[in-house]
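K.L.:
Can you keep this structure in mind? I'll have questions shortly.
The values are calculated or read from the model by the stated rules, or taken from the named source; none is laboratory data. Quantities reported herein were computed from a predicted structural model and do not represent experimental measurements. Glycine gets a Cβ as well: all are built from the backbone with ideal geometry, and neighbour counts include every protein chain shown.
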Amino acid sequence: MALLSKKDSKLILDPLADNNPITIQVLGICSALAITAELNASIVMAISVIFVLGVGNVVISLIRNIIPSKIRIIVQLTVVATLVIIVDQVLKAYAYTLSKELSVFVGLIITNCIIMGRFEAFALGNGVWRSFLDGIGNALGYGVILIIVGFFRELLGSGTLLGIEVLGNPVDKTGLYAFGYENNGFMLLSPMALIVVGIIIWVQRHKNKALIEDH
Amino acid sequence: MEHVELFFKSIFIDNMVFATFLGMCSYLAVSKKVSTAVGLGAAVIFVLAITVPLNWLLDQYILQEGALAWLGPEFASYDLSFLSFIMFIATIATMVQLVEIVVEKFSPSLYNSLGIFLPLIAVNCAILGGSLFMQSREIATLGLAFNYGVSSGIGWFLAILAIAAIREKIRYSNVPAPLRGLGITFIITGLMAIGFMSFGGMLTGGEEQAPAETKTVLIDSEDEKEKENDALADNTKKELN
């Protein structure tokens, strides 16, 4: 990381693990859970959030000295909504089926708490370059969890990854299915997303005891 | 009948928290005590009941394709639906501010109990999600939109009330240390969501109900799609056997 000073690289690396937006800061859960039944939906969502948060943090940081603090929430909402409309239109143009699948959850990036949280906590008080790094770092931390959840739910739920049948074909009984393996359709239902995230939190806190809450 | 069906469907089957995970952030953050949970839940019902009908009017008369026809025939070809995100969120943010000012002026006691939650609500995904689902499920009339707002608010209220009560009790249990707090809350919510899935059959029982189910084409939520996929998978399995 010659490009970044030690302090700057911390901005990117911290949210990936010990200060993860989902598992530690509890932000942006809504979309993280709803769209993770398939890996490619999670990847697209992660990329969208990286774009919105990176650009949004830069914009807010640029205008941070001229926003009256009373109406800052509305200003922030307008910035996010504009960026999200761009993402939505791009998705509709180039990946129509996927944008149908994500349905309202693209729009819900606007109220994704990670975005408002980072604007409030970081971009309003820091310079442009540092805000950009912070935005990218937090969005990556969010994306990592999304991709892990999407990976397990698609693998165990439908036996595929990105639509490729990695465990063999359940109808022809090839691969693992030849030995009597069955897909767990339950993984595709919404409650399992919560339980998978719960287990990720468990594993992470077991490894790093400093994160354990005392009720 | 339509109203009753939508009412129960939005509370139990399409429950905002358990079926679509809307408003999870505040659901997790403000559910440590029952009293604060009740305050936030009431504020959510209140704001949803105002913003969903308002956004319905906005959608019908400004945003939809051809919605501007009332201005004159030359406007009939406009389609402003790409503006819906920004219009909806602007309406919500303004309404929340307005409600806060009005409540503060006329009912200080209500302001004391709801007031601190109102600014939080502008950025709660449940509120924007309510309007977006209202749009994508093509709710037909203003009355139904009001009904949808109130009943999905009640569903959210029920969810946060239940989890707050459980969290108050679970404080005295011996939870494995790394799961304490957030982890166990996630898993309990998952189990509650599994419980709520059993309401799924509530409006589909009986043969004469079958056409009624197709009449209300609400199969938009991902959850329903998943259920369908699952049912298909089950059928193929049965055929194989």
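K.L.:
Between a residue in segment A:48-74 that is within 24 Å of residue B:97 (Cβ to Cβ) and any residue that is surrounded by fewer than 13 Cβ atoms within 10 Å (Cβ to Cβ), which pairs come within a Cβ distance under 8 Å, given they are 6 or more apart or on different chains?
P.N.:
Taking only residues 6 or more apart or on different chains, the pairs are A:64/A:125.
K.L.:
Scan segment A:117-145 for residues that are in contact (Cβ under 8 Å) with a residue 24 or more places away in the chain, surrounded by fewer than 24 Cβ atoms within 10 Å (Cβ to Cβ) and aliphatic (A, V, I, L, M) and report the count.
P.N.:
The number of residues fulfilling the criteria is 6.
K.L.:
I'd like the full set of residues that are in a helix (DSSP H, G or I) and over 19 Å from residue B:93 (Cα atoms), limited to segment A:90-104.
P.N.:
Residues satisfying the conditions are A:90, A:91, A:92, A:93, A:94, A:96, A:97, A:98, A:99, A:100, A:101, A:102.
K.L.:
Would a scan of segment B:212-225 turn up a residue that is under 23 Å from the mean Cα position of the chain (by Cα), modelled with pLDDT of 75 or more and part of a helix (DSSP H, G or I)?
P.N.:
The answer is no, given that none of the residues of segment B:212-225 is under 23 Å from the mean Cα position of the chain (by Cα), modelled with pLDDT of 75 or more and part of a helix (DSSP H, G or I).
K.L.:
Do we have any residue at all in segment B:23-39 that's more than 12 Å from every other protein chain (Cβ to nearest Cβ) and assigned to a loop (DSSP other than H, G, I, E, B)?
P.N.:
Checking segment B:23-39: at least one residue is more than 12 Å from every other protein chain (Cβ to nearest Cβ) and assigned to a loop (DSSP other than H, G, I, E, B).
K.L.:
Being in contact with a Leu (Cβ under 8 Å, 6 or more places away or on another chain) and of a type outside the set (A, V, I, L, M): is that true of residue B:12 here?
P.N.:
No, not satisfied.
K.L.:
Restricting to segment B:138-170, and then to whatever is more than 19 Å from the chain's Cα centre (by Cα) and within 18 Å of residue A:201 (Cβ to Cβ), can you tell me which residue is farthest from the other protein chains (Cβ to nearest Cβ)?
P.N.:
Ranking the qualifying residues of segment B:138-170, first place goes to B:166.
K.L.:
Something else about it: Could you please let me know if residue B:133 is surrounded by 17 or more Cβ atoms within 10 Å (Cβ to Cβ) and under 22 Å from residue A:89 (Cα atoms)?
P.N.:
yes
K.L.:
Related question: Cβ contacts < 8 Å: first residue part of a helix (DSSP H, G or I), restricted to segment A:25-41; second residue charged (D, E, K, R), any location; separation 6+ or different chain. Result?
P.N.:
Note: pairs meeting the criteria are A:34/B:222; A:39/A:154; A:41/A:101.
K.L.:
Surrounded by fewer than 20 Cβ atoms within 10 Å (Cβ to Cβ), away from chain A (no Cβ under 11 Å) and modelled with pLDDT of 80 or more - does that describe any residue in segment B:113-129?
P.N.:
There is no residue in segment B:113-129 that is surrounded by fewer than 20 Cβ atoms within 10 Å (Cβ to Cβ), away from chain A (no Cβ under 11 Å) and modelled with pLDDT of 80 or more.
K.L.:
Given (1) surrounded by 21 or more Cβ atoms within 10 Å (Cβ to Cβ); (2) within 14 Å of chain B (Cβ to nearest Cβ); (3) at pLDDT 80 or above, identify the lone condition not met by residue A:89.
P.N.:
So residue A:89 meets the others, but not (1).
K.L.:
Does segment A:169-181 contain at least one residue that is polar (S, T, N, Q) and in contact (Cβ under 8 Å) with a residue 12 or more places away in the chain?
P.N.:
Scanning segment A:169-181 turns up no residue that is polar (S, T, N, Q) and in contact (Cβ under 8 Å) with a residue 12 or more places away in the chain.
K.L.:
Another question about this same structure. Restricting attention to helices (runs of 4 or more DSSP H) lying wholly within segment A:105-215, give those where 2 or more residues are more than 8 Å from chain B (Cβ to nearest Cβ) and under 14 Å from the mean Cα position of the chain (by Cα).
P.N.:
Those helices (runs of 4 or more DSSP H) span A:113-121, A:128-158.
K.L.:
Among residues belonging to segment A:100-114 that are more than 13 Å from residue A:32 (Cα to Cα) and touching a residue at least 12 places away in the same chain (Cβ under 8 Å), point out the one that is surrounded by the fewest Cβ atoms within 10 Å (Cβ to Cβ).
P.N.:
That would be A:101.
K.L.:
Hey, can you tell me all the residues within segment A:23-42 that are of a type in the set (A, V, I, L, M), surrounded by 24 or more Cβ atoms within 10 Å (Cβ to Cβ) and within 16 Å of residue B:190 (Cβ to Cβ)?
P.N.:
Those that are of a type in the set (A, V, I, L, M), surrounded by 24 or more Cβ atoms within 10 Å (Cβ to Cβ) and within 16 Å of residue B:190 (Cβ to Cβ): A:29, A:32, A:33, A:34, A:37.
K.L.:
Suppose we filter B:76, B:90 for residues that are over 12 Å from the mean Cα position of the chain (by Cα) and away from every other protein chain (no Cβ under 14 Å); which single one remains? Write out each step before concluding.
P.N.:
Working: B:90 fails: away from every other protein chain (no Cβ under 14 Å).
After applying the criteria, what remains is B:76.
K.L.:
Please list, ordered by residue number, the helices (runs of 4 or more DSSP H) wholly in segment B:73-153 having 3 or more residues that are within 21 Å of residue A:87 (Cβ to Cβ).
P.N.:
B:84-106, B:125-136
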